[in-house]
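K.L.:
So that we are looking at the same thing, I have put the structure below in structure tokens.
The values are calculated or read from the model by the stated rules, or taken from the named source; none is laboratory data. Keep in mind that this is a model prediction, so the values were computed, not measured. Note that each Cβ is placed from the backbone with ideal geometry, even for glycine, and that neighbours are counted across all protein chains shown.
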Amino acid sequence: MLVIALISVFNEVKYIAEVVAKAKKYCREVIVVDDGSVDGTPWEAASAGATVLKHAVNRGKGAAIITGFSSLSGKNFDAVVLMDGDAQHDSDDIPALIERMEKDGADIIIGSRMHNPGSMPRVRFITNKFMSWLLRKYTGISLSDTQCGFRLIGKRVIDNLQLNSDKFEIESEIIISAAAKKFKISEAPVKTIYGSEKSKIRPIRDTLRFIKFMLSVRKAKNAEFDGR
């Protein structure tokens with residue numbers, strides 16, 4: 001399987017070179033979308049062998065992923081693995097994601113940390129459980145870790161999704177949009193890695209944004225139904 005790694009980053013100078021180097025072991029190309037970093041992140045990524053795309057200002061993880069997807073036009077690949085640039089995703093898990101995609105005949109494989117959440121902060125664990133429950137109720141798809149950004153997405157999905165989210169709700173939008181188009185979504189265990197670095201995710205703020213996003217999705221769905 002020809003896989004391209006897509007890594008969205010914001011001020012990850014400490015880890016990005018290591019993340020790129022490890023991803024290159026399993027991927028034919030590593031694309032880093034630098035979302036307005038003000039440190040040496042883009043330079044470190046390029047030095048490690050990544051193709052670097054840059055936002056002039058910080059626009060959010062969703063915007064960075066959409067930029068990365070747009071850059072794939074004309075490239076030869078079978079799937080894209082989404083990763084974060086803070087070393088919380090272990091590239092050595094990529095073969096397991098590929099194996100599960102091939103075994104299940106799935107279009108998307110979501111990494112799941114819930115089989116062994118280990119060092120995951122408790123507030124993150126509770127927030128993730130709630131969001132995963134809500135998405136399961138909405139889509140009917142049973143996924144244990146819907147907010148994990150470590151995921152393998154087939155080319156057919158990327159070619160057919162129209163995404164709009166700028167921030168962290170992009171993870172949920174991908175699942176909802178793919179489910180609406182009847183793509184098969186499965187999951188595979190991945191490692192849970194948390195260090196002492198401060199997460200860019202804000203559980204309360206991002207949960208409220210997630211709920212607002214879900215309400216907008218519901219409103220759009222109702223409007224579509226009323227218009228038929």
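K.L.:
Of the residues Ala79, Ala45, which is closer than 24 Å to Ile158 by Cβ, small (Gly, Ala, Ser) and touching a Gly at 6+ places or on another chain (Cβ under 7 Å)?
P.N.:
Going through Ala79, Ala45 in turn, just one is closer than 24 Å to Ile158 by Cβ, small (Gly, Ala, Ser) and touching a Gly at 6+ places or on another chain (Cβ under 7 Å): Ala79.
K.L.:
Consider segment 94-126. How many of its residues are surrounded by fewer than 18 Cβ atoms within 10 Å (Cβ to Cβ) and either in a helix (DSSP H, G or I) or modelled with pLDDT of 95 or more (or both)?
P.N.:
12
K.L.:
So which helices (runs of 4 or more DSSP H) stay within segment 1-91 end to end and still have 2 or more residues that are under 13 Å from the mean Cα position of the chain (by Cα) and in contact (Cβ under 8 Å) with a residue 24 or more places away in the chain?
P.N.:
61-70
K.L.:
Tell me, yes or no, whether segment 192-200 has at least one residue that is part of a loop (DSSP other than H, G, I, E, B), at pLDDT below 90, among the charged types (D, E, K, R) and surrounded by 18 or more Cβ atoms within 10 Å (Cβ to Cβ).
P.N.:
Checked segment 192-200: no residue is part of a loop (DSSP other than H, G, I, E, B), at pLDDT below 90, among the charged types (D, E, K, R) and surrounded by 18 or more Cβ atoms within 10 Å (Cβ to Cβ).
K.L.:
Does any residue of segment 101-123 turn out to be without any contact (Cβ under 8 Å) to a residue 24 or more places away in the chain and closer than 20 Å to Phe150 by Cβ?
P.N.:
Just the residues of segment 101-123 that are without any contact (Cβ under 8 Å) to a residue 24 or more places away in the chain, to begin with: 103, 122.
Now restrict to residues that are closer than 20 Å to Phe150 by Cβ: 103.
Among the residues of segment 101-123, at least one is without any contact (Cβ under 8 Å) to a residue 24 or more places away in the chain and closer than 20 Å to Phe150 by Cβ, which makes the answer yes.
K.L.:
Another question, if that's okay. Being buried (at least 21 other Cβ atoms within 10 Å of the Cβ) and either of a type in the set (D, E, K, R) or on the phi < 0 side of the Ramachandran plot (or both) narrows it down to one residue among Thr41, Thr67; which is it?
P.N.:
It is Thr41.
K.L.:
Is it fair to say Ile170 is out of contact with any helix residue (DSSP H, G or I) (no Cβ under 6 Å at 6 or more places or on another chain) and buried (at least 22 other Cβ atoms within 10 Å of the Cβ)?
P.N.:
When the stated conditions are applied, Ile170 does not pass them.
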